[in-house]
Structures are given as structure tokens and as C-alpha cells.
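Working notes, structure below.
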Amino acid sequence: MLHITLESFDNEEDFVMAINEITNINDSFKTNVNEITVEIINENEDSIIKKGVWVMYEFKNFDYLTDEEIDLIIEVKAPAYEPKRYLPAYKYQVRLHNDDVSIGKIDLRIGYNKNTYYGGNIGYEIEELYRGNHYAAKACRLIKQIALAHEMDRIIITCNPYNIASRKTCEYVGARLVGIAQLPPDNEMYQLGDRQKCRYEWVCSF
């Protein structure tokens, strides 16, 4: 059993980034690690505040995707995190083709659970300066091949009912509105102020 001690973190985002770095342990130690158990202790290091398991996942080689108009450049391959029901995810920077400037981001969460029921499998954001060019839809179409490679039969995309641009993106790629879901109070998006999500389903096929 290998034991690694991490430094202290001021926020959860830094903690998650550190865990993502540790997932490279398979390559570093030339061994097969199936899961990482994480224990968060208090400042005195005498009691466990929280314990969780990061399940290792076999990501596929989709580090660069392009349609020769936009490029998707991998930033993080995030493993599943059971305490928050986070699924494995590919997270990309969106760039214009052969350009180093980021114009947005997109991620794909692999699989289905309560989180994806309300939050979807895809999340995207395009910088305001570059909106109106269907770049979000084009990024979705590029990322769809990853879902197919992982044998997903559908991709769920959700958005706020009043987010007309996002709804148009869903319709543009051919996703079908299946309903408007009420967010439960324990959902992170509810706690940030959202109350409803439009749920679109996009059938995975070539």
C-alpha cells in the first residue's frame, strides 16, 4: 500500500486539482491503481473530518479533437469522486483552429447518475466575444465521439429555462427536450439559486 501526504488547501478547487495530479500515479509507478482513498484531517492532524474514494478510470486517448474550425485541447481527465457523486470527466479548452487563444471550455461526464439527471453530461461556455458562431454546438459535436467510444447511448444536456442561447444550442445539435425538472434542495445548483433545469436528450449515433 502506497501512502502519500498532501499539503493543506485553502479551497476545494485546489484540493481537486491535487487529486487529479495524483491520478498520474499509474504512469509514475508503472503499476495499476484502482482507487485512491482520501482522508481529510483537521489542523491538529488528530481527527478525520472527511473520508472519500476517488475511483480510477480508464480514460481514452482524446487529448486533441478538431473539425478544422475549432480545436478541443484536453486540460483535465478527472476521475470519479464518490462523496459528491462526480462521474469521470474529460475537460477541454476550446480554441479556434491552430490558435493558442482560449475561446471557451467544454466538459463531458461519462455515465449517468442523479448528478447528470439534473446537471447533464455536457457543460460548456463560450466567451462573449466569440458567441453567435455555433462554437458551443460544434464543440458538442466533437465531444460526442468520446461518448460513443464509452458506449453511451445518449447524452443529457441541461440548462436554465431562460437560457435561450443554450436551449438553441441543444436544438441545433439535434437534442430533444424531454422535460423541465425541479431541482431538489440538496442539489448544488439549487443551493446556488437555480430552481429548474430543461432536460435535453441527444441520441448517440454516428
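Which condition does Ala80 not pass, out of (1) among the aliphatic types (A, V, I, L, M); (2) in contact with a Gly (Cβ under 6 Å, 6 or more places away or on another chain); (3) at pLDDT below 95, if it passes all the others?
(2)
Which pairs do you get when a residue that is in contact (Cβ under 8 Å) with a residue 24 or more places away in the chain, found in region 97-108, comes within reach of a residue that is assigned to a strand (DSSP E or B) and among the aromatic types (Phe, Trp, Tyr), reach meaning Cβ atoms under 6 angstrom, with the pair 6+ apart or on two chains?
Filtered contacts from region 97-108: Ile106/Tyr92; Ile106/Tyr124; Leu108/Tyr90.
Any idea which residue in region 88-116 is surrounded by the fewest Cβ atoms within 10 Å (Cβ to Cβ), counting only those that are at pLDDT 95 or above and of a type in the set (A, V, I, L, M, F, W, C)?
So the residue we want is Leu96.
Do any strands (runs of 3 or more DSSP E) entirely within region 61-176 hold 2 or more residues that are in contact with a Cys (Cβ under 6 Å, 6 or more places away or on another chain), and if so, which?
154-159
If you check Gly111, Gly119, which single one turns out to be under 19 Å from Ala78 (Cα atoms), small (Gly, Ala, Ser) and in contact (Cβ under 8 Å) with a residue 60 or more places away in the chain?
Gly119
Of the residues that make up region 131-138, is at least one of a type in the set (S, T, N, Q), closer than 20 Å to Arg154 by Cα and without any contact (Cβ under 8 Å) to a residue 40 or more places away in the chain?
No, the conditions are met nowhere in region 131-138.
Scan region 156-192 for residues that are hydroxyl-bearing (Ser, Thr, Tyr) and surrounded by 15 or more Cβ atoms within 10 Å (Cβ to Cβ) and report the count.
4
Looking only at region 52-77, filter to residues that are farther than 20 Å from Ala139 by Cα and aromatic (Phe, Trp, Tyr); which one of those is modelled with the lowest pLDDT?
Trp54
The values are calculated or read from the model by the stated rules, or taken from the named source; none is laboratory data. It should be emphasised that the depicted structure is a prediction, and the values quoted were computed from it without experimental measurement. All Cβ positions, even for glycine, are placed from backbone atoms using ideal geometry, and neighbour counts span all protein chains on display.
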